[in-house]
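Contents: one structure, followed by commentary.
The values are calculated or read from the model by the stated rules, or taken from the named source; none is laboratory data. What you are looking at is a predicted structure, and each value in this text was computed from that prediction instead of being measured. Glycine also receives a Cβ, built like all others from the backbone with ideal geometry; neighbour counts cover every protein chain displayed. These area figures cover heavy atoms from the full protein model, side chains too; ligands, DNA and RNA do not enter into them. Shrake-Rupley method; radii C 1.70, N 1.55, O 1.52, S 1.80 Å.
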Amino acid sequence: MTTIAVALTDRYADWEVALLMAEGRSFLGLDFVVATPAARPVTSMGGMTAMPQAAIDTLDPNAYDALVVCGGESWQTQDAPDISATIRAFSQRGKLVAGICAATLALARAGVLDDVAHTSNALELLETTEAYHGRARYRNTAAAVSDANIITAAGTAPVTFTAEIFRALGHGSPELDGYVAQFGQEFSASA
């Protein structure tokens, strides 16, 4: 069974991983383990409380197929947890690592964006951390970017973020492509 660790922090952006978790569990039979700093409950921007099953810093990459880091308000504060060691451990073992919205800052701080194509809410966001050296590989795009087992997306792209994760885990299909196209209609000129 495919198992994905989902890292949440206090004030996480609930919509950014909701589709991934709901569709992945319901239609693909994926298993999700919610991890938070110190395995404490966290509350989303929308007021939902998540009860974790693990602490982010104790995740063993060998037990998971992927690490997905959810965005949210905390990543741009001085209280942001440093999960660099966990991100690097997953990446070094060849596991999929994905970050959306401000969580791309956590990936930048870990150094995993420097040598792969990637995106975020804005290049300027990533450049707020001295650890970031990936400017030449940044892609200013509305859709998620996947390169060498690293997936990134702006907070406005939870659908393509979800699709790229599914594809990277071997669950790509014409149905998935149709699903993404259906959601994308919302952004067409005729909408």
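What FRET efficiency do you get for Asp115 and Asn140 if R0 is 22 Å and r is their Cβ-Cβ distance, rounded to the nearest 0.05? My answer for the efficiency is 0.75. Of the complete DSSP H runs in the chain, those spanning 18 angstrom or more by Cα along the long axis with a mean Kyte-Doolittle score not below 0.5 are 15-28. Under a Gaussian network description of the chain, with springs only between Cα atoms under 10 Å, the residue in Leu126, Leu30, Leu67 that fluctuates furthest is Leu30. Each label was represented as a point 7 Å from its Cα along the Cα-to-Cβ direction; for Glu186 and Ser26 these points are 1.4 nm apart. Taking Cβ atoms as reference points and 12 Å as the exclusive limit, the residues near Thr77 contribute a net charge of -2, counting Lys and Arg as +1 and Asp and Glu as -1. For the chain, a simple Cβ point-charge model (Lys and Arg +1, Asp and Glu -1, everything else neutral) yields a dipole of about 200 debye relative to the Cα centre. Based on Cα contacts under 8 Å between residues 6+ apart, segment 39-191 shows a relative contact order of 17 percent.
Stretch Asp177-Thr128 to full length: gain in nm at 0.36 nm per residue minus the Cα-Cα span?
14.2 nm
With each label modelled as a point 7 angstrom along the Cα→C-beta vector, the Gln53-Arg93 pair spans 1.5 nm. Quick check on segment 1-80: take the gyration tensor over C-alpha atoms, sort the square-rooted eigenvalues as a ≥ b ≥ c, and tell me if it's rounded (a/c under 1.5), prolate or oblate. Here segment 1-80 falls in the oblate category.
Comparing Ala131, Ala144, Ala35 in a Gaussian network model of the chain, where Cα atoms under 10 Å apart are tied by springs, the biggest mean-square fluctuation is seen for Ala131.
Per residue, the accessible area of the chain comes to 47 Å², computed with a 1.4 Å probe over protein heavy atoms only.
Of the solvent-accessible surface of segment 1-76, computed with a 1.4 Å probe over protein heavy atoms with every protein chain present, carbon and sulfur atoms account for 52 percent.
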